[in-house]
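Student: Just dropping this structure here.
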């Protein structure tokens, strides 16, 4: 029986041949994902996209490929295309906070502020103790012209992480509130506690 082909595999154990193919595909996928990350870190975004294009998404890499593709496209400021990739990733893992934040970033930059807020609210429901989520909600509500929501989220974010205060002066999202007395009062209270 030695050398007999059974189920497309030489020998008598088709499962071992399938495992070898799975291992080979997984190793190839991991190498291409690592190459994508390396190219992205170097700002070589087209090469990163090419690496991702070599991965077949039927080998368990759908989420990994799509979130990375979305991130590369986001870096290229191709926000609409990034959202397509992010939505595909979302279909596989709707509870990934980093994904939701990346989607919100792109929604904001494609003039879809209500969807940006919705994405951040979903991220908040998953990770309510991450101050950056509350901070971003404050930013987006400021842009939406909702002072009460913005200040509420900002106050909570700053209570969780006073270090966020250093971002506010350069944050253009707060320009609509910059001279508002209530906004100034929140900042003054944080500045007094620091001093």
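The values are calculated or read from the model by the stated rules, or taken from the named source; none is laboratory data. Computed from a prediction, not measured in an experiment: that's the story for all the values here. Note: ideal-geometry Cβ built from the backbone for every residue, glycine included; neighbour counts use all protein chains shown.
Student: Please indicate, with yes or no, whether at least one residue in region 134-149 is farther than 20 Å from residue 103 by Cβ and either surrounded by 15 or more Cβ atoms within 10 Å (Cβ to Cβ) or touching a helix residue (DSSP H, G or I) at 6+ places or on another chain (Cβ under 6 Å) (or both).
Tutor: Checked region 134-149: at least one residue is farther than 20 Å from residue 103 by Cβ and either surrounded by 15 or more Cβ atoms within 10 Å (Cβ to Cβ) or touching a helix residue (DSSP H, G or I) at 6+ places or on another chain (Cβ under 6 Å) (or both).
Student: Follow-up. Collect the residues in region 35-53 that are more than 19 Å from residue 84 (Cβ to Cβ) and either in contact with a helix residue (DSSP H, G or I) (Cβ under 7 Å, 6 or more places away or on another chain) or not assigned by TED's automatic domain parsing to the domain that holds residue 84 (or both), keeping them in residue-number order. Before the answer, list the steps.
Tutor: Start the filter on region 35-53 by keeping residues that are more than 19 Å from residue 84 (Cβ to Cβ), which leaves 35, 37-39, 41-44, 47.
Across region 35-53, the qualifying residues are 35, 39, 47.
Student: Hey, among 176, 114, 94, which residue is at pLDDT 95 or above and either touching a strand residue (DSSP E or B) at 6+ places or on another chain (Cβ under 9 Å) or part of a loop (DSSP other than H, G, I, E, B) (or both)? Quick ask: steps written out before the conclusion?
Tutor: Working: 176 fails: either touching a strand residue (DSSP E or B) at 6+ places or on another chain (Cβ under 9 Å) or part of a loop (DSSP other than H, G, I, E, B) (or both); 114 fails: either touching a strand residue (DSSP E or B) at 6+ places or on another chain (Cβ under 9 Å) or part of a loop (DSSP other than H, G, I, E, B) (or both).
Residue meeting the stated conditions: 94.
Student: Is one or more of the residues making up region 175-187 more than 16 Å from the chain's Cα centre (by Cα), within 30 Å of residue 76 (Cβ to Cβ), outside the structural domain of residue 68 (by TED's automatic domain parsing) and surrounded by 14 or more Cβ atoms within 10 Å (Cβ to Cβ)? Don't jump to the end; show me each part of the working.
Tutor: Taking region 175-187 first, the residues more than 16 Å from the chain's Cα centre (by Cα) are 175-187.
With within 30 Å of residue 76 (Cβ to Cβ) added as a condition, the list becomes 175-176.
From the residues that got through so far, the ones that are outside the structural domain of residue 68 (by TED's automatic domain parsing) too are 175-176.
Filter once more, keeping what is surrounded by 14 or more Cβ atoms within 10 Å (Cβ to Cβ): 176.
Yes, some residue in region 175-187 is more than 16 Å from the chain's Cα centre (by Cα), within 30 Å of residue 76 (Cβ to Cβ), outside the structural domain of residue 68 (by TED's automatic domain parsing) and surrounded by 14 or more Cβ atoms within 10 Å (Cβ to Cβ).
Student: Just give me the residues in region 151-174 being under 17 Å from residue 108 (Cβ atoms), surrounded by fewer than 17 Cβ atoms within 10 Å (Cβ to Cβ) and touching a helix residue (DSSP H, G or I) at 6+ places or on another chain (Cβ under 8 Å), in sequence order.
Tutor: Matches in region 151-174: 167, 171.
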